[in-house]
Amino acid sequence: MERNIVRKKKLPIGIERFEKIRTEGFYYVDKTGFIRELLDNWGEVNLFTRPRRFGKSLNMDMLKTFFEIGCRAELFDGLEIAEETALCEAYMGQFPVISVSLKGVNAHDFSMARELFCSLIGTEAMRFQFLLDSERLTEREKMQYEQLVTIDRTGRTVFDMSDAALTGSLKTLSLLLQKHYGKKVIILIDEYDVPLAKASENGYYDQMVMLIRNMFEQALKTNGSLQFAVLTGCLRVAKESIFTGLNNPKIYSITDVKFAEHYGFTDGEVRSLLEYYGVLDAYELTKEWYDGYRFGNLEVYCPWDVICYCDKLRADKDARPQNFWSNTSGNDVVRHFIERMDKGVTKSELERLVAGETVEKEIHQELTYNRLYDSVEHIWSLLFVTGYLTQRGRAEGDRYDLAIPNREIRKIYTDQIMTLFKKDVEHDGETLQSFCEALEKGDAEGVERQFCAYLEKTVSIRDTFVRKAVKENFYHGILLGILGFKGNWYVSSNRQCGDGYSDIQIRIDDRDMGIVIEVKYAHRGNLEAECQSALEQIDRNGYTKELQEEGIEHILKYGIACFKSKCRVLAEPLSETAGFLAGTAGNRPEVIPIPEKNTYLKKEDKGGN
């Protein structure tokens, strides 16, 4: 008897073409209501600013597919927009569309950036080669088109425009398409601010501003062939930068209520997706890691993260969340922010954010790329508009209560904090040596003293609603950051030992010595009790078992409890019942190996017999 297997749709990881998603069996979260809202809130020039990976490019391709002459109506069957029959009759497939993405204009100098601009405009112009045969265009107008697309003597297509042709290219195409079709043109410009970001990074910002300003002024201001335009980007670039003289563009940023649900996934959309793939059990974890962004009055998830995590869950229902979003780009803005600690950013502010609390700041959404890091105030605004911070509650004018959105973004901050902390540790060899010597000797007081000194130098965790395990992981990471510079020590983390996973295990081969460390967060500052609990956990779960089996003669156990920038350290040698005798003087035990003990093979020496 044949089994009737229902195949699930593919997850659209990295797919930004609407038609491909709809025709090749990909899962689609319906955002076509965006079309209706766009037409209901008519603006000749509409700018949408959102962080990266929130669906800007897919929405733009959806608009192109819907409006462009030759639209395949069946692509929208069953979607929200198809219910708007009158709107579809009036607008679907009724307009010539010029669609360009500037995300690829990434060059080290202006000359190369200009070539990339010529190439992408020329490539878009190539879609309209029928203009050369149009009976509605004059020969002079056809010559204008040929300035955008040149065929050299070998028959090769060359995109080599004059400055005048390049800056007027979008307006020229609009005019020619309107004359050919007898209809005005829709212009879509995706990631409009990427060339400005790259130009600022590489020292040709003023030249790029001039090019884009001239192009936009002709295409979006003095263009009688324009029906309307839509632009997307991460930043709302200040008017005086590239929108000089542009008549009242409608700008929809992350603080606007309109269009809020059309970028990012809503809670209901995430539930439906997880349920469809049979991984709804991971809903709470998905929410904790990838929800928390606020657009207008709506909390949304990052679509890229949800799709990537769902893909992992399909293969492994126990898959843990990962930092998918942070891996798609650099996180320089967070690094710049943390580097300003005590230079405009207080340590307390950073600690409040990491702890899940809010910080009130004045935010200015209009920025210019060449001034992003001029002041701490600009960095706060940049973190907000790019998704590294989000708002909580209602703003009072330009003042917002800012918070880290979720666990994924929090990890970006803590990773950057740890990176800077490790640099400090590496450059302070004397303190590192003192800490490690105390650890080897079982000198709990010395370990405590040195570790407290380290904690004073970095951000601590505040006693808030953040889960205890998350707090413990932070201090765990600090310890690993310190120990990682001890060259002749083998340090492992979260290694399965006995009946559980030990926080930190150390082997010192030239001393025939092992150290097991369990880290606890002392809720409300009960440091002593948490230290004792840590030591009991080591014994209860047999975390020293692997070291014993490998014949390690000396084994020390440490319970370390942390609370904000304070810590308490207790140390014990392996108990007598486990084969060791220990001195009991104070908190600095003497470790004495037993004369004889059974010999154990190391794991790598064990044979199949």
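The values are calculated or read from the model by the stated rules, or taken from the named source; none is laboratory data. What you are looking at is a predicted structure, and each value in this text was computed from that prediction instead of being measured. Heads up, the Cβs are rebuilt from the backbone with ideal geometry, glycines too, and the neighbour counts pull from every protein chain shown. In case anyone asks, the SASA skips ligands and DNA or RNA and just uses the protein heavy atoms, side chains included. Shrake-Rupley method; radii C 1.70, N 1.55, O 1.52, S 1.80 Å.
Odds and ends about this structure:
- Over the stretch 373-429: Rg over Rh, Cα atoms, Kirkwood Rh: 1.11
- Eigenvalues of the alpha-carbon gyration tensor of the stretch 348-407, scaled by 5 and square-rooted, set the equivalent ellipsoid semi-axes at 19, 13, 10 angstrom, largest first.
- Using distinct alpha-carbon pairs, which all enter the 1/r mean, Kirkwood radius of the stretch 91-198 in Å: 14.6
- With the Kirkwood sum run over all distinct C-alpha pairs, the stretch 177-231 has a hydrodynamic radius of 12.5 Å.
- Under 20 Å from Lys361, Cα to Cα: lysines that are on another chain or at least 8 residues apart: Lys343, Lys347
- Furthest towards positive pole of dipole, Leu47, Leu11, Tyr28, structure part the stretch 1-79, Cβ charges: Leu11
- The stretch 342-497 shape via C-alpha gyration tensor axes, a/c threshold 1.5: prolate
- Kirkwood hydrodynamic radius of the stretch 56-105, from the reciprocal of the average inverse Cα-Cα distance over all distinct pairs: 11.7 Å.
- With Cα atoms, 0 to 90° folded angle of helix 468-483 axis to the chain main axis: 80
- For the chain, the mean residue ellipticity at 222 nm estimated from helices alone is -12000 deg cm²/dmol, where every DSSP H run of n ≥ 4 contributes -39500 (n - 2.57) and the total is divided by all residues, rounded to the nearest 500.
- Across all Cα atoms of the stretch 1-160, the radius of gyration (one decimal) and Dmax (whole number) stand at 19.7, 71 Å.
- Surface share of carbon and sulfur [accessible, 1.4 angstrom probe, percent] for the chain: 45
- Descending Cα extents along the principal axes, the chain, whole Å: 103, 72, 56
- Lys, Arg +1 and Asp, Glu -1 on Cβ, resulting dipole of the chain about Cα centre, debye, nearest 20: 1100
- Taking Lys and Arg as +1 and Asp and Glu as -1, the other residues whose beta-carbon sits under 10 Å from that of Lys31 total -4.
- Rg of the Cα atoms in the stretch 309-391, relative to 2.2 N^0.38 Å, amounts to 1.34.
- For Lys423, a cut-off of 17 angstrom between C-alpha atoms picks up these lysines, skipping any fewer than 8 places away in its own chain: Lys457, Lys486.
- Pairs from the table (Lys287/Lys411; Lys184/Lys258; Lys20/Lys250; Lys317/Lys468; Lys312/Lys520) lying more than 20 angstrom apart at Cα are Lys184/Lys258; Lys20/Lys250; Lys317/Lys468; Lys312/Lys520.
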